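**Q** Dropping a structure here in structure tokens format, bear with me for questions.
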């Protein structure tokens, strides 16, 4: 079953917070940060965003307690999401649908197509499960998800 058979569409709303930081707001979680996190090719910037559980943040006002993991994205020069480099969730937070939800919302926010970079061999099953189409050797990215 593909990711789009399971989850309703949600486009994350982007907010600029100044000093180069931003937030992609969803109804259940927000991606918060936007700090540079590694190298990237011309025209793209690699940025890290923490995955923040909105309900916990509202109830506790504790950023660290609200963290559920992080993503690293490639963002183009106009600020649009180009691709996903990394998604990290703690072991106890996996298999609960958050990773699939984040990926689905990123696809929708990116305009219906999201490139996936640097897929680790042990994670290929997960990416196939969420509908990623693996690319051929030599492609600048490892897979793409479209809706």
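**Q** Considering the Cα positions of the range 42-101, please state its Rg to one decimal place and its Dmax as a whole number of Å.
**A** Computed over the Cα atoms of the range 42-101, radius of gyration and Dmax are 13.4, 41 Å.
**Q** Going by average Cβ density within 10 Å per residue, which order do the peptides 86-92, 138-144, 43-49 take, highest to lowest?
**A** Put in order of decreasing packing, that is 43-49, 138-144, 86-92.
**Q** Next up: Tell me the Kirkwood hydrodynamic radius of the chain in angstroms, computed as one over the mean inverse distance between distinct C-alpha pairs.
**A** Taking every pair of different Cα atoms in the chain, averaging 1/r and inverting gives 15.6 Å.
**Q** Nearest 500 deg cm²/dmol is fine: what mean residue ellipticity at 222 nm does the chain get from its DSSP H runs of n ≥ 4 alone, each adding -39,500 (n - 2.57), divided by its residue count?
**A** After summing the helix terms and dividing by residue count, I get -5000 deg cm²/dmol.
**Q** Which of 95, 115, 13 ends up with the largest GNM mean-square fluctuation for the chain, with Cα atoms connected below 10 Å?
**A** 95
**Q** Looking only at 34, 69, 18, which one moves most when the chain is put into a Gaussian network model with springs between Cα atoms under 10 Å?
**A** With Cα springs under 10 Å in the chain, the top fluctuation among 34, 69, 18 is at 18.
**Q** Over the range 19-91, calculate the relative contact order: mean separation of alpha carbon pairs under 8 Å at least 6 apart, over the residue count, as a percent.
**A** Over the range 19-91, the number comes to 24 percent.
**Q** Sort the following peptides by mean Cβ neighbour count (other Cβ atoms within 10 Å, averaged over residues), highest first: 107-114, 74-81, 125-132.
**A** 107-114, 125-132, 74-81
**Q** Here is a further query. Just need the relative contact order of the chain here, percent rounded to a whole number, with Cα pairs under 8 Å and 6+ apart.
**A** 19 percent
Quick note: the coordinates plus some simple rules give every number you see, no bench work behind them. In this text, all values refer to a predicted model and were calculated from it rather than measured experimentally. Positions of Cβ are backbone-derived with ideal geometry, glycine not excepted, and every protein chain shown enters the neighbour counts.
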